[in-house]
Amino acid sequence: MKKGQTEIIGFMVIILLLFFGLVFYFRFANSADSDLTGEAELNLEVSNLLNVIKKQTICEDETLGDAIEACVGDGFACDEKACDIVEREVSEIVALNGWEEDEYMFYIGEELYSPNTCTGNTLADDYTVGGMSVRLLICY
Amino acid sequence: MVALVFIIVLMVGLGFFFKFQMGSVQEKAETTCLLSNTVMLSSITSMPEIQCSVNGNREDCIDTSKLLVFDPSRVYQEFFNANCDQKVYFVELYPEVTNGTCTQGTYPDCNYYYFFETNADYTSKVIISTPVSLYYPLDESYKFGKLVIEVLQ
């Protein structure tokens with residue numbers, strides 16, 4: 001084989017390697033988008049779930065939001081200690097939403113009203129009532 | 001001889017390239033479809049036809065009495081079919097659940113509100129959902145439910 005022919009084959013191999021390199025690059029670049037979609041969905045879920053918690057009717061004319069407000073002042077709701085209702089109802093709603101006990105945290109001020117704490121990346125939403133911040137966080 | 005080898009290797013290379021490209025385009029289409037449906041989760045809950053309102057002010061909840069009578073396929077057919085086919089429904093989860101599809105005859109003793117469905121053939125589906133507060137004007141109560149979109153592929 002002549003020297004010129006060997007160089008052409010070498011050049012061809014380089015071009016093909018570049019080809020495959022680009023194909024793999026675009027494949028990996030695409031996979032980053034799907035993570036972003038998942039995070040956007042989770043963000044929406046946290047925000048909507050906190051809204052559901054706030055609005056949920058727990059007895060006649062009283063919502064879980066009212067119970068959370070009463071809990072801030074250590075009061076009562078639906079003839080029961082408000083903080084007990086908050087702890088029970090929040091864990092019920094969150095469980096029905098499909099989250100495990102060690103996947104979320106629910107805070108009123110600095111007080112934790114969920115069974116466990118969790119670690120890792122978190123997404124959160126909050127609102128303020130009676131000067132206290134009510135926060136729902138999910139770990140993922 | 002060299003030219004023949006060159007052409008064969010080039011054809012194999014192009015074959016692989018187009019195979020990857022096809023896969024990539026298909027994956028991109030599925031991602032776009034999933035992304036548009038994730039956006040749809042948010043936009044459906046904000047539709048004025050089904051959203052709660054008190055004295056003209058909108059609230060973050062779904063009025064089940066509006067849900068019962070509103071047919072989105074008459075107004076939003078293009079909105080739903082823009083990127084891919086899907087099945088959309090609301091389901092009540094808590095506190096009391098009486099299983100069954102909601103119609104004017106069964107309401108409010110039911111838990112499944114059909115919203116939109118396309119008659120399409122599909123081999124698999126991806127389910128995405130988001131929590132919603134369902135409002136019952138008869139007893140002025142709010143119940144926990146979910147908006148579910150089954151993305152058909």
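Miscellaneous remarks
- Selection count where residues are among the small types (Gly, Ala, Ser), within 29 Å of residue A:26 (Cα to Cα) and modelled with pLDDT of 80 or more, scope segment B:1-58: 4
- In the set A:103, A:7, A:45, only one residue is at the interface with chain B (Cβ under 10 Å from one of its Cβ atoms) and either among the charged types (D, E, K, R) or touching a His at 6+ places or on another chain (Cβ under 8 Å) (or both); that residue is A:45.
- Taking the criterion of being β-branched (Val, Ile, Thr) and within 8 Å of chain B (Cβ to nearest Cβ), the residues of segment A:48-91 that qualify are A:52, A:57, A:63.
- Only one of the numbered conditions (1) in contact (Cβ under 8 Å) with a residue 40 or more places away in the chain; (2) touching a helix residue (DSSP H, G or I) at 6+ places or on another chain (Cβ under 6 Å) is not met by residue A:89, and that is (1).
- Scanning segment B:135-153 for residues that are part of a strand (DSSP E or B) and over 14 Å from residue A:97 (Cβ atoms) turns up B:135, B:136, B:141, B:142, B:149, B:150, B:151, B:152.
- Selection within segment B:128-147 - buried (at least 19 other Cβ atoms within 10 Å of the Cβ) and aliphatic (A, V, I, L, M): B:128, B:132, B:134, B:147
- The set of residues in segment A:105-138 being in contact with a helix residue (DSSP H, G or I) (Cβ under 6 Å, 6 or more places away or on another chain) and farther than 14 Å from residue A:72 by Cβ consists of A:115, A:116, A:118, A:123, A:125, A:136, A:138.
- Close pairs from segment A:113-136: first closer than 25 Å to residue A:38 by Cβ, partner part of a loop (DSSP other than H, G, I, E, B) and modelled with pLDDT under 95, Cβ under 6 Å, at least 6 apart: A:121/A:140
- Taking residues in segment B:77-93 that are touching a residue at least 24 places away in the same chain (Cβ under 8 Å) and among the basic types (Lys, Arg), and partners anywhere that are surrounded by fewer than 21 Cβ atoms within 10 Å (Cβ to Cβ) and not in a helix (DSSP H, G or I), the pairs with Cβ atoms closer than 7 Å and at least 6 places apart or on different chains are B:87/B:117; B:87/B:150; B:87/B:152.
- Here the strands (runs of 3 or more DSSP E) wholly within segment A:39-140 that include at least 1 residues being more than 18 Å from residue B:93 (Cα to Cα) are A:104-108, A:122-129, A:132-139.
- Single unsatisfied condition, residue B:119 versus (1) at pLDDT below 85; (2) part of a helix (DSSP H, G or I): (2)
For (1) free of Cβ contacts under 8 Å to residues at least 40 places away in the same chain; (2) touching a strand residue (DSSP E or B) at 6+ places or on another chain (Cβ under 9 Å); (3) within 24 Å of residue A:133 (Cβ to Cβ), each residue gets a yes or a no:
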position: A:1; (1), (2), (3): yes, no, no
position: A:11; (1), (2), (3): yes, no, no
position: A:14; (1), (2), (3): yes, no, no
position: A:48; (1), (2), (3): yes, yes, yes
position: A:65; (1), (2), (3): no, yes, yes
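- Being out of contact with any Ser or Thr (no Cβ under 8 Å at 6 or more places or on another chain), without any contact (Cβ under 8 Å) to a residue 12 or more places away in the chain and more than 10 Å from chain B (Cβ to nearest Cβ) holds for only one residue in A:21, A:38, A:98, and it is A:21.
- Scanning segment B:102-153 for residues that are more than 14 Å from chain A (Cβ to nearest Cβ), touching a residue at least 24 places away in the same chain (Cβ under 8 Å) and of a type in the set (Val, Ile, Thr) yields B:103, B:118, B:123.
The values are calculated or read from the model by the stated rules, or taken from the named source; none is laboratory data. Because the structure is a prediction, the values reported are computed rather than measured. Methodologically, a virtual Cβ is constructed for each residue, glycine included, from the backbone with ideal geometry; neighbour enumeration extends over all protein chains shown.
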